[in-house]
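Bear in mind that the values in this text are calculations on the coordinates, not laboratory data. Computed from a predicted model, the values in this text were never measured in an experiment. Here the Cβ positions follow ideal geometry from the backbone for every residue, glycine too, while neighbour counts run over all protein chains shown.
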Amino acid sequence: MKIKEIKLHQLLMTMKNPFTTSFGTQQKRFITIVEAIDEDGVSGFGECVSGEDPLYSEEFMDATLIALKKYFGPLVINTEISHPDEVWEIYKPFKRNNMAKASIEGAVWDLYAKKKGITLAEAMGGKKKEVDVGVSLGIEDTDELLLERIGEKVEEGYKRIKVKIKPGRDVEMIRAIREVYPDIPLMVDANSAYTLDDIDTLKALDEFNLMMIEQPLMAGDIIDHAKLQKQIKTPVCLDESIDSYESAAAAIELGSCEIINVKVGRVGGITQSIKIHDLAAKHNIPLWCGGMLEAGVGRLHNVAITTLSNFVLPGDTASSSRYWFEDIITPEVVAENGVVKVSDKPGIGAEVDFGKMEQYLVKTETITEDDELDMIMYN
Ligand code: OSB
Ligand code: MG
């Protein structure tokens, strides 16, 4: 297949509820939907998951858009691609910018699956027909408010509850949750808010039978996490520190974590996610799929990757309606009793609904074959 045109649909979406992490509070989500159109006029869709600001990782949407327009779009346009794995090879000389790369690569995977008439999950080698999901809850001002939120989500049947923690909202908050819900599958995500100086706090969490603690220490770190894992019983799960196949391999070798959260965008795309999946499976490291407050396209990509066999723990891919008054796909992603059924329609398995998207659209920019790669090095 040959991509002739790439559209960057830039959306500003408002979430139903503000979402607070150790980084701060957000209620607006600036999302780019990538549409790759081939010579037959078939469209594949990807979603760019960069944050609005470089707080979760170094990538942020304004910069990502420049990277897409200047490099990653022109590099694939008019290039013969027989399998989406080739996209990573094309991008290889270009360092990092994983979420930018993954957004086009994801669109190419969807396009590839649609042209073959198979589901995106099948194209990846996924076999599950349904996937288990949990929900990620932000920090609330009081334990009472958080407990109310947890109550709703337990009632809705989500398979595990993840709560965000930060210094000052950790041990006593978890104690309050466990008093009401002694047995629910519960985990915490610190988004890199602690250091090894906080070892007493991190050890104190051991008494709550948590499924895991996600990214307690600095983004990118694998050395201190290895030291930490030796001192606590709660399994460490890495999120921000796993930004490539190589960092996953290093973390596994050093014992920096017992569990890995795979976010397709963070590791550079589906091809890299599959590589990490296979390596983790070999080393008995269970995986789950993390979320980045995605709209429908990214959400469906997450459902598809979760169909791979070593995604054994419930991920963050909750229902569209947990985030949005109206998602941009038809039908929306629906978790019923913590289970999302995988569509049997080709590609991502739902229609991108341009009518619904309209209400969020800031602008669409188009990269065409006239946009040549503009690089100092190649000129
Ligand atoms: O650390 O997993 C994270 C959202 C944005 C950035 C980072 C994270 C998150 C979440 C929410 O936890 C996951 C979701 O529900 O999409
Ligand atoms: Mg996380």
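Some observations on this one:
- Long pairs among Lys203/Lys227; Lys16/Lys101; Lys162/Lys263; Lys128/Lys345, criterion Cα-Cα beyond 19 Å: Lys16/Lys101
- Diffusion constant of segment 161-296 at 10 °C, which comes from Stokes-Einstein with the Kirkwood Cα-pair radius and 1.306 mPa s, µm²/s: 105
- Solution diffusion estimate, µm²/s, Stokes-Einstein, segment 30-90, Kirkwood Rh from C-alpha pairs, 37 °C, viscosity 0.692 mPa s: 254
- Computed from label points 7 Å out along Cα-Cβ, the spacing between Val362 and Ile66 is 1.5 nm.
- Compactness of segment 122-352, taken as the C-alpha radius of gyration over 2.2 N^0.38 Å, stands at 0.98.
- Gain upon complete extension [Lys127, Arg178; 0.36 nm per residue less C-alpha separation]: 14.8 nm
- Residues Arg96 and Asp370, FRET efficiency given R0 of 25 Å [Cβ-Cβ distance, rounded to 0.05]: 0.35
- Helical contribution to [θ] at 222 nm, DSSP H n ≥ 4, -39,500 (n - 2.57), averaged over the chain, rounded to 500: -9000 deg cm²/dmol
- Largest-first ellipsoid semi-axes for segment 291-352, taking √(5λ) over the Cα gyration tensor eigenvalues, angstrom: 17, 14, 10
- Kirkwood-based Rg to Rh ratio, segment 220-379, C-alpha trace: 1.05
- Cleavage-rule hits, trypsin sites (Lys or Arg not before Pro), segment 203-271, DSSP coil, Cβ neighbours within 10 Å at most 12: Lys233
- When each of Thr20, Thr368 is scored by the number of other beta-carbon atoms lying within 10 Å, the sequence from fewest to most is Thr368, Thr20.
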